[in-house]
Amino acid sequence: MDIVYTIWLRSMKRYVRSKSRIVGSIAMPLFLLVFLGFGLNSVVSTTSLGQQYVMFLVPGMVAMSVLFTSVFSGIQIIWDKQFGFLKETLIAPVSRLEIMFGQTVGGATTAVVQGIILMVLAVLLGLRINNPIGFFIALGFMVLVGISFTAFGIAIASRMEDMTGFQLIMNFVVFPLFGLSGALFPISSLPTWLEPITLLDPLTYGVEGIRYGLTGVSQINPLISAAVIAGFAVAMTGIGAYLFRKVSL
Amino acid sequence: MTIAIHVKDLTRRFGELVAVDQISFDIEQGEIFGLLGPNGAGKTTTLSMLSTMLEPTSGTATVMGIDIAKDQDGVRKAIGIVFQDQSLDEELTAWENMDFHGRLYRIPKEIRLQRIDELLKLVELTDRRNDIVKTFSGGMRRRLEIARGLLHHPAVLFLDEPTLGLDPQTRNHLWQYIETLAREKNITIILTTHYMEEADRLCNRIAIIDHGKIIALDTPTRLKDSIGGDVVTIQSPDTARITTVLAAPWINRMETHDSEVILSLKNAEQHLSTIVTRLNEEKIPITSISVHKPTLEDVFLSFTGKTIREQDMSRRDSMRMHFRMMRH
């Protein structure tokens, strides 16, 4: 536990110091929320949503900031590789599993904090959370999404030598995961042939869970969402830990 | 004297390439032991195996009596490492880098805080302790890494090219630190270098390593004595005739090397006039002639037939070829 805490502590110190990263990764979902949310608010039929489009969008954007921050935090291991710092960690008499868990917890914490910042900003834009339990439900889903995708980032980083493949992963894996998740539109509004694919996207369950917490409405039963995203988090952590064990210096 | 490091027939292959070829040596406790050789000779590979970062293909080794293959964590606790490439977190302060290391090695808080203060003082970084490492110069980073490597009180310190890329003044400074360390902390130090004067100044014993093999192992003094006296270097367009003309019993060895003839002999100053006279008699032109005390460079040259710099060059070429072939 002390080693996990040590690695987590380092992540936090680096996070607090990287002001530009904090602002940078909040900006994108915030702009989308404002532009798409208010821009399409009157265009999108609100009957199928049961609420204003902008409020429908909030959980999606919270999920987005958690997703991107956590993938990025996991992939940061490549930087540690390139700057040599990974050697310092790997040569210490500690297990790889502890190091990997520390990274995962650190990345997930960062991602959840980013998500909370966006949530606070959304409150300023008019989001009303009706009951406090809902907030904690959303928080729980954010933690699971954060863990899943930090571990995903670590798994990717374990197999990559440098940052050249990063853009590829972002464009062909992370962005489709986000686009298909129902963060931007209700799953039911997609053509029927796309719906099964949406249901294969683990992020869908994260977004739906956060939406249930924040707005009280979701298209997927929150218990199913919780089970799927929790299972995915466990699986990704396992895969990440396995691949990270094989990293050689 | 107790043995700190024992190496027996250690070998490492990378595919076809034999990076380290059945090397054996012992290092005594408290010794500064140098692995000297050109780039790609196998120094870092040896160090990586001894520090459990890389598994040997065959052979055995123990560090402080602990087998490197059987108890990796045991070895890791017993050693401190300063890597060839820097391995600090640039976003953290000097103190935070130290603290991170102390926590990783599970040093209890009180001892950790006390040692960090001590070591930062030793490497003269106390007043920069709260500065982000990004703002540090190369020499300061190196010093911080050495301090960090000592934090968990290792019995053996590994230094991989400790002064690579540093300016001469900083290098000199660092040498003093290393000497102080060895003296005051009675720590065993194994260092790799391809700087002759570094090996000569710091090491109690030196293993000259080339193409993965140890070709000579002794104290710097004895290695230099093996040359057989002073070194006279004669540059001339006609090296072939020099060797026949100068054949004399007081010349211990004679080697031709490009446009140079290198002679080893005792009391060279006394024989210098004889040499010049003989060459003049035979009308052999002399471009230049010089006399110096033997250095490790001469030792390396006599054992390998090449200077360490030439080895570096040719190795780089062959590596480039190797990579080019792999790409095609």
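Measuring nothing but how far apart in sequence close Cα pairs (under 8 Å, 6+ apart) lie, relative to its length, chain A scores a relative contact order of 26 percent.
Take the Cα of B:THR287, go 7 Å toward its beta carbon, and the backbone nitrogen atoms of the range B:235-258 under 12 Å from that spot belong to B:235-239, B:257-258. Sparse packing (at most 13 other Cβ atoms within 10 Å of the Cβ) combined with a DSSP loop state is found for the following trypsin sites (Lys or Arg not before Pro) in the range B:1-110: B:LYS70. The spacing between the range A:106-130 and the range B:40-59, judged by their C-alpha centroids, is 49 Å.
Here each label is just a point 7 Å from Cα along the line to Cβ, and for B:ASP225 and B:SER259 those points are 3.7 nm apart. Computed from backbone phi with θ = phi - 60° and the Karplus coefficients 6.51, -1.76 and 1.60, the 3J(HN,Hα) list for the range A:70-77 is 6, 4, 4, 4, x, 5, 4, 4 Hz; x is used for glycine and proline. I'd like to know which of B:VAL7, B:THR193, A:ILE117 lies farthest towards the positive end of the charge dipole of the protein assembly as shown, counting +1 on Cβ of Lys and Arg and -1 on Cβ of Asp and Glu. So the residue furthest toward the plus end is A:ILE117.
Among A:ARG211, A:ARG96, A:ARG128, the largest mean-square fluctuation in a Gaussian network model of chain A (Cα springs under 10 Å) belongs to A:ARG128.
A simple rule links phi to the HN-Hα coupling: the Karplus curve 6.51 cos²θ - 1.76 cosθ + 1.60 with θ = phi - 60°, which for the range B:235-249 gives 9, 6, x, 10, 5, 4, 6, 4, 4, 6, 5, 8, 3, 8, x Hz, with x for Gly and Pro.
Helical content alone sets the calculated 222 nm signal of the protein assembly as shown at -17000 deg cm²/dmol, taking -39,500 (n - 2.57) per DSSP H segment of four or more residues and averaging over every residue. Relative to the longest principal axis of the Cα atoms of chain B, the long axis of helix B:168-185 makes an angle of roughly 60 degrees. Projected over every direction and averaged, the convex hull enclosing the alpha-carbon atoms of chain B yields 20.6 nm². Projecting the Cα atoms of A:THR104, A:LEU200, B:TRP250 onto the dipole axis of the protein assembly as shown, where Lys and Arg carry +1 and Asp and Glu carry -1 at the beta carbon, places A:LEU200 farthest toward the positive end. Simple point charges give the picture: +1 on the Cβ of Lys and Arg, -1 on the Cβ of Asp and Glu, and for the protein assembly as shown a dipole about the Cα centre of about 1240 debye.
Close amide H contacts of B:ASP230 (hydrogens built in the peptide plane, cut-off under 5 Å, sequence separation of 5 or more or a different chain): B:LEU265, B:LYS266, B:ASN267, B:ALA268.
Reducing the range B:1-36 and the range A:1-44 to their Cα centroids gives an inter-centroid distance of 50 Å.
Peptide B:83-92: average number of partner chain Cβ atoms within 10 Å per residue?
Working: counts 5, 2, 4, 5, 9, 4, 9, 5, 9, 5.
Mean shielding by partner chains, rounded to a whole number: 6.
Coupling constants for the range B:119-125 follow from the phi torsions by the Karplus curve (6.51 cos²θ - 1.76 cosθ + 1.60, θ = phi - 60°), and in residue order they are 6, 4, 5, 4, 9, 6, 10 Hz; glycine and proline get x. Residues considered: B:VAL245, B:VAL261, B:VAL123. Largest GNM mean-square fluctuation over chain B, using C-alpha springs under 10 Å, is found at B:VAL245. Applying the criteria of a DSSP loop state and at most 11 other Cβ atoms within 10 Å to the trypsin sites (Lys or Arg not before Pro) of the range B:257-294 yields B:LYS283.
Take each residue in B:102-110, count the other chain C-beta atoms within 10 Å of its C-beta, and the mean is 4. Axis of helix B:268-281 versus longest Cα principal axis of chain B: the two differ by about 40°, to the nearest ten degrees.
Taken together, the values in this text are just the output of simple stated rules run on the coordinates, not laboratory data. Since the model is a prediction, treat every value here as computed from it, not as a measurement. All Cβ positions, even for glycine, are placed from backbone atoms using ideal geometry, and neighbour counts span all protein chains on display.
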